[in-house]
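Quick notes on the structure that follows.
Bear in mind that the values in this text are calculations on the coordinates, not laboratory data. This is a predicted model, so every value here is computed, not measured. Neighbour counts run over all protein chains shown; Cβ positions are idealised from the backbone, glycine included.
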């Protein structure tokens with residue numbers, strides 16, 4: 001059995017570029033780059049754990065590798081990415097003698113066991129079949145685990161489906177199994193079908209901002225803010241989720257993807273104060289980067305499971321938004337200014353060579369939303385402007401360094417106390433805009 005798993009692993013990481021609903025990958029990708037990516041993905045799978053430390057921080061090596069590859073990175077750059085991310089990874093843990101997949105859910109030390117199990121299941125059922133069987137299993141709250149960990153199992157499986165990589169689907173399913181189901185109160189097995197309504201997720205999020213019932217639930221310095229609504233008053237979140245109209249019609253579900261992606265753009269960037277330096281929320285950023293995979297997933301899943309996925313994703317998006325204390329959304333700044341003016345070609349070039357693993361993921365997500373929202377619901381040129389802002393304002397620096405722009409924010413962008421500590425934004429000069 002072990003030798004069969006090893007042989008399966010060796011052929012499970014070769015990416016495909018013609019998956020329906022996937023991001024429109026760079027036309028410059030060559031066979032040489034594809035072979036290299038497959039080799040590096042397999043190397044990571046054989047050598048590294050899915051978490052790079054004991055606190056459960058996720059291995060992003062494959063995410064950054066595939067995001068850069070998708071945007072047209074050279075073989076030189078792909079090797080640099082692997083070397084950079086390889087330095088912080090830790091080795092896979094040994095497997096256990098006795099293992100049953102239902103008996104060790106939520107136990108991170110069993111990841112290697114789950115990976116071998118899921119490699120076999122993907123080989124037997126196919127990528128989509130394995131996702132449908134395990135990610136939506138109701139008895140063990142698997143959809144809650146699928147969307148847990150700030151969406152990381154969902155993101156990892158999303159890459160596997162987007163690139164047709166069996167091994168990454170297996171890794172994502174194994175990662176899902178070792179996550180806890182703390183958020184299961186927000187992922188109901190059955191919810192009544194919503195009445196037909198034109199109310200969008202963004203409109204519902206804006207209504208939540210004004211809803212006084214949420215006042216005081218989140219306080220400055222509260223540990224694990226994003227978990228608050230899993231454990232406290234989940235009914236407030238579910239009340240809004242029920243107001244979003246969903247049906248089993250496949251075409252209608254595809255339109256709902258667009259609505260949810262627009263919400264995720266707004267919560268990612270809308271909290272920026274027009275008069276303050278750019279400070280991007282780490283948790284809300286993941287709501288956006290995970291949205292990239294909705295089209296490829298919903299198009300491959302059955303309509304019933306596609307609807308459950310959208311509803312669960314919306315619940316988690318609202319929970320994270322409420323967990324950041326429902327910040328006001330200042331979207332007009334991205335259509336009323338010429339401050340963020342880079343072209344897509346410039347943005348993609350900067351993203352590919354950016355040291356932060358999340359930046360190319362943000363850029364791909366924004367480009368994907370632009371593709372799915374040709375009317376540019378949030379304003380003409382808004383997605384490009386946000387991408388331009390991201391590549392120019394997310395910087396990495398050594399821990400402890402005090403100077404320079406900030407990177408991702410972990411405080412809480414919904415509190416005045418957070419923004420009082422942020423310097424005023426310097427307006428660009430004419431030279432900067434030329």
Exercise. What residue among 240, 111, 283 has the largest mean-square fluctuation in a Gaussian network model of the chain, using Cα springs under 10 Å?
Worked result: 240
For this session: Classify region 2-177 as rounded, prolate or oblate, taking a ≥ b ≥ c as the square roots of the eigenvalues of its Cα gyration tensor: rounded when a/c is under 1.5, otherwise prolate if a/b is larger than b/c and oblate if not.
Result: prolate
For this session: Give the order of 411, 166 when sorted by the count of other beta carbons within 10 angstrom, beginning with the fewest.
Result: 411, 166
Problem set entry | FRET efficiency for residue 96 and residue 30, using Cβ-Cβ distance with R0 set to 45 Å, rounded to 0.05 | 0.60
Exercise. If you line up the Cα atoms of region 186-434 on their principal axes, what length do they span on each, largest first, in Å?
Worked result: 55, 39, 31
Exercise. How high is the FRET efficiency from residue 140 to residue 16, r the C-beta distance, R0 45 Å, rounded to 0.05?
Worked result: 0.90
For this session: Please say if region 220-269 is rounded, prolate or oblate, where rounded means a/c under 1.5 for a ≥ b ≥ c the square roots of the C-alpha gyration tensor eigenvalues, and otherwise the choice is prolate for a/b larger than b/c and oblate otherwise?
Result: oblate
Exercise. Order of 377-390, 243-256 by packing, highest average Cβ count within 10 Å first?
Worked result: 377-390, 243-256
Problem set entry | Mean projection area, nm², convex hull over Cα of the chain | 20.5 nm²
Exercise. Using the per-residue mean of other Cβ atoms lying within 10 Å as a proxy for protection, in what order, highest first, do the peptides 286-295, 75-84, 112-121 fall?
Worked result: 286-295, 112-121, 75-84
Seminar exercise, completed: Reduced to Cα centres, the span from region 65-142 to region 312-345 in Å works out to 30 Å
